[in-house]
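Okay, so here's the structure we're looking at.
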Amino acid sequence: MTVIWKTAATLGALTFSAAAQAEDFAWFEGDKLVLTNGVSTIEGASGGGLASWATIAGRELENGVGISGHATIVELSDYGWQSHGVSVGIANRVELSYARQNFDTRDVGAALRIGKGYKLNQDVYSAKVRLFGDLVYGDPLVPQVSVGVQHKRNLDGPIAALVGAGSDEGTDYTLSATKLFLSHSVLASATVRLTNANQNGLLGFGNASGKGKSVEFEGSLAYQLSRRFVLGAEYRTKPDNLGLGEEDWFDLFAAYAVTDNVTVTGAYVDLGSIATFENQRGTFLSAQIAF
Amino acid sequence: MVVSIIAALLMQQVPEENVDWDKEFGVEERVRDPETGEFPVDPYTQSNDNAGAKPFSSDSLAREFGEQEGIRRIADRLVEVSKEDPRISEIFVSHDMVRLKRTLFEQFCYILNAGCDYTGRDMKTAHTDMGLRKADLNALVENLQFVMREQGIAFAAQNRLLSKLAPMSYDLIER
Ligand code: HEM
């Protein structure tokens with residue numbers, strides 16, 4: 001476990017010192033093409049909103065450091081979601097991010113006897129490294145490919161244990177491939193995720209009988225209407241370790257770059273059944289600022 | 001010691017007035033071709049392969065770009081805008097903009113299947129030693145998008161031209 005974080009920290013430091021040696025090293029220069037840094041996902045890593053992409057956050061290129069911050073709210077049938085976080089991009093190679101998730105159980109909290117409006121909270125620490133390829137340039141059939149790790153710490157361990165989770169912390173591993181197919185103005189992204197998170201980790205990880213990680217898939221397909229405007233759809237499969245009928249996630253989103261630095265994303269999301277309360281659909285709104 | 005240096009300096013001949021220093025130092029004077037207005041370049045083999053991309057098989061995009069006339073406007077404007085763009089203007093200093101406008105036009109015209117041959121150099125040769133970075137390429141792409149927008153080219157058509165140019169990146173940027 002700690003090996004991964006040491007590796008991520010070392011990679012970040014190495015990439016940073018390599019970039020810092022460039023004659024024209026730049027902090028927050030904003031050299032990326034607009035929208036090619038993606039938007040912040042609910043876990044903090046850059047992507048399309050729900051699904052992670054192979055993109056690196058921040059608007060820096062190989063000679064710089066970039067940064068982004070975001071805030072997201074999701075209004076569901078029975079629940080309210082709020083999350084926010086920051087990401088640092090180093091040399092368009094390494095992404096380090098943190099996100100805090102707050103999940104308001106509202107009336108369901110009373111029904112589950114944990115208290116009306118009880119909030120489940122979680123911290124997510126992530127690192128992503130671009131292995132090869134470029135989102136826009138190079139061979140049109142070679143995507144940008146990145147690996148990521150997301151360490152999640154659920155701050156409501158007793159509730160996670162109550163619903164039958166095996167642990168209050170877990171680590172996801174992701175492998176993503178993303179490409180903008182200019183000839184069709186289409187962006188496609190696919191990610192495989194090794195995870196045992198229940199509802200993203202808000203209901204803990206695994207189950208009492210020690211269920212291990214499973215391979216899940218997340219994909220996005222988006223159409224570029226203009227330099228600044230993208231419409232898309234996403235799908236994300238999830239395990240059902242707790243036997244509560246956890247379902248896959250789906251969304252239809254629109255992302256608009258108001259300026260080169262500010263992106264707003266709106267979506268219709270269908271998060272299925274959450275803690276036996278079915279049909280959790282609603283609106284997703286997110287704002288990101290990036291340099 | 002000091003005295004001898006001063007003496008040596010004093011004894012130096014005053015340089016003659018109209019010395020051709022370029023000639024003295026073996027610098028070739030560049031003269032524009034009276035017909036084309038371009039500076040001569042080192043010999044190279046001409047071929048459409050130098051354009052760096054296969055042309056579209058249909059001519060529908062050529063129509064969307066306004067045929068040769070529209071494409072020429074885009075190439076001209078791209079050079080004008082980029083030359084004035086503080087992010088990359090320095091790179092264009094002392095290069096032949098007359099030739100660049102012509103060769104860029106030919107390249108776009110050839111790729112868009114609007115009835116031209118490309119007579120310029122290949123992308124690698126044309127951009128060696130410029131030390132181009134992805135940031136420069138992004139700036140040029142943004143300028144091209146700006147110019148195409150200015151000419152009212154539909155976004156999907158803009159992207160189709162970019163789809164032919166984007167794969168050339170590894171011939172243009174050093175890393
Ligand atoms: C996909 C992108 C690009 C394409 C398609 C392209 C195309 C061309 C073409 C056709 C030529 C003329 C070759 C010849 O004279 O035989 C040329 C030359 C040149 N390009 Fe590019 N270019 C690209 C990117 C860039 C970038 C990013 C810069 C700098 C910011 C740049 C700066 C120049 C300069 C200064 C010359 C003149 C070279 C000389 O005088 O020898 N190009 N380019």
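The values are calculated or read from the model by the stated rules, or taken from the named source; none is laboratory data. Only a predicted model underlies this, so the values are computations on that prediction, with no experimental measurement involved. Cβ sites come from the backbone with ideal geometry, for glycine too, and all protein chains shown count toward neighbours. SASA here: full protein model, heavy atoms, side chains in, ligands and nucleic acids out. Shrake-Rupley method; radii C 1.70, N 1.55, O 1.52, S 1.80 Å.
Taking segment B:84-96 as the region of interest, how many residues are more than 8 Å from the ligand (Cβ to nearest atom) and part of a helix (DSSP H, G or I)? Here the count works out to 2. Quickly run through segment A:107-135 and pick out the residues that are hydroxyl-bearing (Ser, Thr, Tyr) and over 18 Å from the mean Cα position of the chain (by Cα). A:118 - this is the single residue of segment A:107-135 that is hydroxyl-bearing (Ser, Thr, Tyr) and over 18 Å from the mean Cα position of the chain (by Cα).
The residue list A:72, A:41 contains one member that is open to solvent by less than 50 Å² (accessible area, probe 1.4 Å), of a type in the set (Ser, Thr, Tyr) and in contact (Cβ under 8 Å) with a residue 60 or more places away in the chain, which is A:72.
Facing chain A (nearest Cβ under 10 Å), polar (S, T, N, Q), within 8 Å of the ligand (Cβ to nearest atom) and closer than 23 Å to residue A:135 by Cβ, is that true of residue B:163? Taking the combined requirement at face value, the residue does not satisfy it. The residue list A:270, A:240 contains one member that is more than 18 Å from the chain's Cα centre (by Cα), of a type in the set (Asp, Glu) and open to solvent by 30 Å² or more (accessible area, probe 1.4 Å), which is A:240.
Within segment B:66-83, the set of residues being within 15 Å of the ligand (Cβ to nearest atom) and under 23 Å from residue B:122 (Cβ atoms) comprises B:71, B:72, B:74, B:75, B:76, B:78, B:79, B:82, B:83. The residues of segment A:116-135 that are part of a strand (DSSP E or B) and within 14 Å of another protein chain (Cβ to nearest Cβ), listed by number, are A:130, A:132. One residue stands out among those in segment B:88-118 that are farther than 17 Å from residue B:54 by Cβ and polar (S, T, N, Q): the one that is most open to solvent (accessible area, probe 1.4 Å), which is B:94. Residues in segment A:35-70 that are touching a Lys or Arg at 6+ places or on another chain (Cβ under 6 Å) and farther than 27 Å from residue A:192 by Cβ: A:59, A:61.
Every test in (1) within 23 Å of the chain's Cα centre (by Cα); (2) of a type outside the set (Val, Ile, Thr); (3) more than 14 Å from chain B (Cβ to nearest Cβ); (4) more than 23 Å from residue A:73 (Cα to Cα) is passed by residue A:33 save one, and that test is (3). Specify the residue that is nearest to the other protein chains (Cβ to nearest Cβ); the eligible residues are those in segment A:18-30 that are surrounded by fewer than 19 Cβ atoms within 10 Å (Cβ to Cβ) and outside any loop (DSSP other than H, G, I, E, B). If we take residues in segment A:18-30 being surrounded by fewer than 19 Cβ atoms within 10 Å (Cβ to Cβ) and outside any loop (DSSP other than H, G, I, E, B), then A:26 is nearest to the other protein chains (Cβ to nearest Cβ).
Being assigned to a helix (DSSP H, G or I), within 8 Å of the ligand (Cβ to nearest atom) and within 13 Å of another protein chain (Cβ to nearest Cβ): is that true of residue B:100 here? Considered against the rule, which asks whether it is assigned to a helix (DSSP H, G or I), within 8 Å of the ligand (Cβ to nearest atom) and within 13 Å of another protein chain (Cβ to nearest Cβ), residue B:100 comes out as no.
Considering segment B:129-147 alone, what residues qualify as being open to solvent by 40 Å² or more (accessible area, probe 1.4 Å) and near the ligand (Cβ under 9 Å from one of its atoms)? Within segment B:129-147, B:130, B:140 meet the criteria.
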